[in-house]
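Structure first, commentary second.
The values are calculated or read from the model by the stated rules, or taken from the named source; none is laboratory data. Note that the coordinates shown come from a computational prediction; the quantities given were computed from them, not determined experimentally. We place every Cβ from the backbone using ideal geometry, glycine too, and count neighbours over all the protein chains shown. Side chains are part of the model used for accessible areas, which takes the heavy atoms of the whole protein and leaves out ligands, DNA and RNA. Shrake-Rupley method; radii C 1.70, N 1.55, O 1.52, S 1.80 Å.
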Amino acid sequence: MTVQRSKLVIGNWKMQGSFAANSALLSSLVGKTQGVNVAIAPPSVYLAEARQQLTGSSIQLAAQNVAAEGQKGAYTGETSAAMLADVGVTYGIIGHSERRQYYGETDSVVAQKYLRLQEQGIKPVICVGESLAEREAGQVEEVVSRQLMAIIDVCGVETLANAVIAYEPVWAIGTGKTATPQDAQAVHRFLRQLIAADNKNIAEKICILYGGSVKADNAASLFTMPDIDGALVGGASLVANDFLAICHAAKASIVG
Ligand code: 13P
């Protein structure tokens, strides 16, 4: 019997926003996302303000990053998982390709961030994905399994009961090129099978999001795939109507 997983849509705002723009965007979203799990990830400096505006709303908060080192201490410029929990964060994005590429985050740093989030009851959203060169070299499965196993090996497969995975092929991020639903499905299925080899129950339940140029007009076809459980949305999450259309497509894809 196949498990019916609920859908999740997370908007990753990246380094974009202002008090005025965030307030306008959030007031257009609040009250319009019923029936689907939705979270938004503003820059950390705006998390507390967003929390205020989302009071009473079902939209949850996600962080874009977290300190690897610990929950407090002399780490200038860092934000700990304890602080994220304090402002009401539910999800924490880790291992995003932009952090791996521009800030040198290794698989082992990502595993530390994963542990710090789980210590505070925050669900890590583990991003994995291959570059174009890796895809062309036929290394997709090798890359995503290395990225995921780096966490499973350190933290244990059982901890994935409180985590989310996001498959984000690097070549599809911000480029307008989306993986076809079939190509994305193949990687999602591969990731689920990789987990199933260790723990079938967790593999069936874990939410695996797709990210990379998800838009209002391609979301529905991605969401029909059996192993795609929602989306991690960048650019389109900054435009209220586009993000709402993606949330509504996720809701519509939930079978009876
Ligand atoms: P885009 O939707 O802008 O391609 O970004 C995807 C992404 O990186 C989400 O984390």
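Tabulated values for the structure
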read-out	value
First in region 220-241 and over 21 Å from Thr175 (Cβ atoms), second anywhere and open to solvent by 50 Å² or more (accessible area, probe 1.4 Å), Cβ under 7 Å, 6 or more apart	Asp227/Arg189
Among the residues listed as Thr33, Thr90, the single one being under 20 Å from Ala236 (Cβ atoms), in contact (Cβ under 8 Å) with a residue 40 or more places away in the chain and either part of a loop (DSSP other than H, G, I, E, B) or not hydrophobic (A, V, I, L, M, F, W, C) (or both)	Thr33
Test for Leu26: is it away from the ligand (no atom under 16 Å from the Cβ), within 18 Å of Val125 (Cβ to Cβ) and either in contact (Cβ under 8 Å) with a residue 40 or more places away in the chain or surrounded by 16 or more Cβ atoms within 10 Å (Cβ to Cβ) (or both)	no
Where Pro42 falls short, out of the listed (1) crowded, with 16+ Cβ neighbours inside 10 Å; (2) farther than 23 Å from Val214 by Cβ	(2)
Within region 228-241, considering residues that are assigned to a loop (DSSP other than H, G, I, E, B) and within 15 Å of the chain's Cα centre (by Cα), the one nearest to the ligand (Cβ to nearest atom)	Gly234
Residues located in region 170-206, provided they are more than 15 Å from the ligand (Cβ to nearest atom), crowded, with 16+ Cβ neighbours inside 10 Å and not in a helix (DSSP H, G or I)	Asn199, Ile206
Matching entry among Glu134, Glu130, Glu158, Glu142 (being assigned to a helix (DSSP H, G or I), touching a residue at least 40 places away in the same chain (Cβ under 8 Å) and either surrounded by 16 or more Cβ atoms within 10 Å (Cβ to Cβ) or away from the ligand (no atom under 16 Å from the Cβ) (or both))	Glu158
From Cys207, Cys155, residue being within 18 Å of Val125 (Cβ to Cβ) and touching a strand residue (DSSP E or B) at 6+ places or on another chain (Cβ under 6 Å)	Cys207
Which numbered condition Gly70 misses (of (1) touching a strand residue (DSSP E or B) at 6+ places or on another chain (Cβ under 8 Å); (2) surrounded by fewer than 17 Cβ atoms within 10 Å (Cβ to Cβ))	(1)
Scan of region 40-87 for residues that are assigned to a loop (DSSP other than H, G, I, E, B), of a type in the set (Val, Ile, Thr) and either within 16 Å of the ligand (Cβ to nearest atom) or in contact (Cβ under 8 Å) with a residue 12 or more places away in the chain (or both), ordered by number	Ile59, Val66, Thr79, Val87
